[in-house]
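First comes the structure, then the notes that go with it.
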Amino acid sequence: MNDHSIRDCARGLTIANNSAVPNSKVDVVAPELILQDSGNNPVWANNVSLTIDITVAGANGLDAGTETPNQWYYIWVIARASGQFAGLLSVSADAPVLPPGYQFKAFVGAIRNDVGSNFCALNQMGRVVARNAVAVLNSGTATVPTAMDCSAALPQKAVKATGDFTLNLGAGGGRGEGWLRSRPDQGVVGFAGYLGTPEYLTAPFSIPVIEPQTLYYNRSAASNAASVTVSISGFEF
């Protein structure tokens, strides 16, 4: 077996909000892409260029149900045996409902629908995604590793998160220490500094996501750090 038979392999994949209708349409481009059917039989697609509209049902639209706010939609490219290709949005990261006549599929990305049922801004190159920053923790004070729900910022299939970690100290400043973790005992990124005015320290991070849509944080019990803020502005599949 080689890469030419493995589902979801892509060359030159890009995904972005449609420039004319960014709130409900997303564009997918891939010079080459591998799809598979339920029997793992592959098909090769070339020069894929699609616009998927969440207000449309079926091919090049939503696979099932109605549009829902505060929801991740997973982006698929699908195909008929005849070679006709289309795009598909689904709440499922693993098993989209294929329209009649379509047997092949490939997962390519995900986009978030916000509270107003508008797509969040997103740019994807390959498996690397930049998105609008989302705070997943504000003023956290835990001194033991504590889970953060990152589902508003990370889709289920994200394997790495990028963003900013901020230590907020009291008015007197001092030394601050905090940690971001993939799990309570794994993938630890540490942050520390001696802080005066303006009494906060912000540093970028890149960390593996081991548990879907979840990261952990804590600060030192001996630290002067009054609280921790974490925001996520990107991820990888």
(message) Is there a quick way to get the dipole size of region 3-126? I mean about its Cα centre, with the Cβ of Lys and Arg at +1 and of Asp and Glu at -1; what is the value in debye to the nearest 20?
(response) 100
(request) For the chain, give the magnitude of the charge dipole about the Cα centre (Cβ charges: +1 Lys/Arg, -1 Asp/Glu; no others), in debye to the nearest 20. (result) 200
(message) Net charge around A57, counting only other residues with Cβ within less than 15 Å of its Cβ (Lys, Arg = +1; Asp, Glu = -1)?
(response) -2
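Each value in this text was obtained by applying a stated rule to the coordinates, not by laboratory testing. Being a predicted model, the structure only gives us computed values, none of them experimental. Because the Cβ atoms are built from the backbone with ideal geometry, glycine has one as well, and the counts that use them run over all protein chains shown.
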